[in-house]
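Worksheet: the structure to be examined is printed underneath.
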Amino acid sequence: MLESWRWYGDLDDISLPEIRQTGAKGIVTALHEVPYGQVWERDLVAERRRKIDAAGLVWSVCESLPIHEDIKRGSGNLNGLFENYRQSMANLASEGVKTICYNFMPLLDWTRTDLSAPVSNGGTCLRFSATRMAAFEIHMLGRTDAEADYPADVVEKAAQYYSTMTDDDQKQLLNAIMSGLPGAFDRYDIQGLKQALQTYNGIAQDELRANYARFLNEVIPAAEELGISMCVHPDDPPRDILGLPRIVSNLDDIDWIMNAYDSPANGLTLCSGSLGANPENDVPAIAKKYADRIHFAHLRNVRKDADGSFEEAAHLEGDTDMVSLISVLTKENARRLEDAETEIMGIPFRPDHGHELLYDIGRCSIPGYPLIGRMRGLAEIRGVIHAVESLRGNGSSF
Ligand code: DNO
């Protein structure tokens, strides 16, 4: 497996030489400065790659090549947007970047209500509180129907909580919810979000799936030609949110996607944290079923509460059995290395999100992406990988 690290380019306060010290070899990055829907020009891609090369690292994965909302909504003449998307893919491939992560979440990306919830032994983590999300939707956004999406006791707690909120609390909550949109584009204020939500009025699961199938039909043949592996990132949280349908949340969805275009180029980003936030998802079992379609892995863990809240646990703590998951991934990795005719990198993975620990605090890194917390996660995962591979090398079937 190829140890990788997400880097936000010029937006990141963590430098490439610092990343090198973590032991990671691969860099996961994107041209966050290019507005969604525009072509990633070859010279910009090349410049980013050269920076990474010069630091002794390799650009292992593009995360993400974002999909314009018009494609998700299926609105207007989309030929130009598809054409641009394919051109960006071609430019990435020409610079040797052949694994492309993307998501198909309407409007928002990963969503949390707290960016620095306290962890019992010190440090902070990202958290999704059902009560705070309900307060946001029902009271701050005034979304009709939102009440029906929450249990009665959460609705009640949300009303109580909202009545205590100051302007500053409201600002912080909005900021936390918007923080999952990486880079500078398409963040919303309350008014903007209301308007954006209206553009999805009447679009239910079936229509979103049809739009997704169209996207796959437009880009997967190009990926096959270019030798690119596309890998969709699951929804986070893995359920409908703000009344928007979500279609990459569970095994049924993944079955649908893998069959919608049955090609190795149409693959998965196995994100244990996103999938793990749905109590019905057995993450190691999903990984096993689609092992040969996993082109990238995000490894992290969550601890869930009964009301739908969850928080990000340390990488080996929380509800997902990381050792079983890593056992599945390393087996698949070994199979690929053995089958390969030429030398290959192995499955790229990155420690996803991390607690803010020690010198992370006050450093203003991108939410979820502090240096020390992620380095801890990477070190722990590295330990499990080594243990599993060494046991296997000594004859264990683990
Ligand atoms: C969260 C990330 C996601 C991911 C996108 C992929 O930390 O894993 O934001 O980058 O959903 O398109």
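Structure summary
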quantity: Helices (runs of 4 or more DSSP H) within the stretch 1-79 that include 2 or more residues among the charged types (D, E, K, R) and crowded, with 17+ Cβ neighbours inside 10 Å; calculated: 42-54, 69-73
quantity: Flag if ASP109 is under 30 Å from ILE228 (Cα atoms), open to solvent by 20 Å² or more (accessible area, probe 1.4 Å) and at pLDDT below 95; calculated: yes
quantity: Residue within the stretch 26-37 that is in contact with a Ser or Thr (Cβ under 8 Å, 6 or more places away or on another chain) and of a type in the set (Phe, Trp, Tyr) present; calculated: no
quantity: Selection status of ALA213, part of a helix (DSSP H, G or I) and under 22 Å from ARG132 (Cα atoms); calculated: no
quantity: Failed criterion for GLY76 (all others in (1) under 28 Å from ALA159 (Cα atoms); (2) at pLDDT below 95 hold); calculated: (1)
quantity: Residue check for GLY96: open to solvent by 10 Å² or more (accessible area, probe 1.4 Å), more than 21 Å from the chain's Cα centre (by Cα) and more than 19 Å from PHE215 (Cα to Cα); calculated: yes
quantity: Residue, farthest from the ligand (Cβ to nearest atom), within the stretch 341-357, restricted to residues that are of a type in the set (A, V, I, L, M, F, W, C) and modelled with pLDDT of 95 or more; calculated: LEU357
quantity: Tally of residues being open to solvent by 40 Å² or more (accessible area, probe 1.4 Å), on the phi < 0 side of the Ramachandran plot and in a helix (DSSP H, G or I) across the stretch 346-371; calculated: 1
quantity: Residue in the stretch 220-229 that is within 17 Å of the chain's Cα centre (by Cα), within 16 Å of the ligand (Cβ to nearest atom) and more than 17 Å from ASP109 (Cβ to Cβ) present; calculated: yes
quantity: When residues of the stretch 310-325 are limited to those that are over 18 Å from the mean Cα position of the chain (by Cα) and in contact (Cβ under 8 Å) with a residue 60 or more places away in the chain, the one surrounded by the most Cβ atoms within 10 Å (Cβ to Cβ); calculated: LEU316
quantity: Unique residue being open to solvent by 50 Å² or more (accessible area, probe 1.4 Å) and touching a residue at least 12 places away in the same chain (Cβ under 8 Å) when the list is ALA196, ALA222, ALA204; calculated: ALA204
quantity: Residues located in the stretch 358-398, provided they are among the aromatic types (Phe, Trp, Tyr) and either within 15 Å of the ligand (Cβ to nearest atom) or touching a strand residue (DSSP E or B) at 6+ places or on another chain (Cβ under 9 Å) (or both); calculated: TYR369
quantity: Hits in the stretch 269-294 - residues which are in a helix (DSSP H, G or I) and within 13 Å of the chain's Cα centre (by Cα); calculated: SER272, GLY273, SER274, LEU275, GLY276
quantity: Selection count where residues are under 15 Å from SER15 (Cα atoms) and more than 19 Å from the chain's Cα centre (by Cα), scope the stretch 360-382; calculated: 4
quantity: Selected residue [within 16 Å of the ligand (Cβ to nearest atom), of a type in the set (D, E, K, R) and either within 17 Å of PRO106 (Cα to Cα) or surrounded by fewer than 13 Cβ atoms within 10 Å (Cβ to Cβ) (or both)] from ARG143, ARG187, ARG127; calculated: ARG187
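The values are calculated or read from the model by the stated rules, or taken from the named source; none is laboratory data. Worth saying up front: this structure is predicted, and the values here are computed from it rather than measured. Quick reminder, even Gly has a Cβ in these numbers, built from the backbone with ideal geometry, and neighbours come from all protein chains shown. These accessible areas exclude ligands, DNA and RNA; they are computed on the full protein's heavy atoms, side chains included. Shrake-Rupley method; radii C 1.70, N 1.55, O 1.52, S 1.80 Å.
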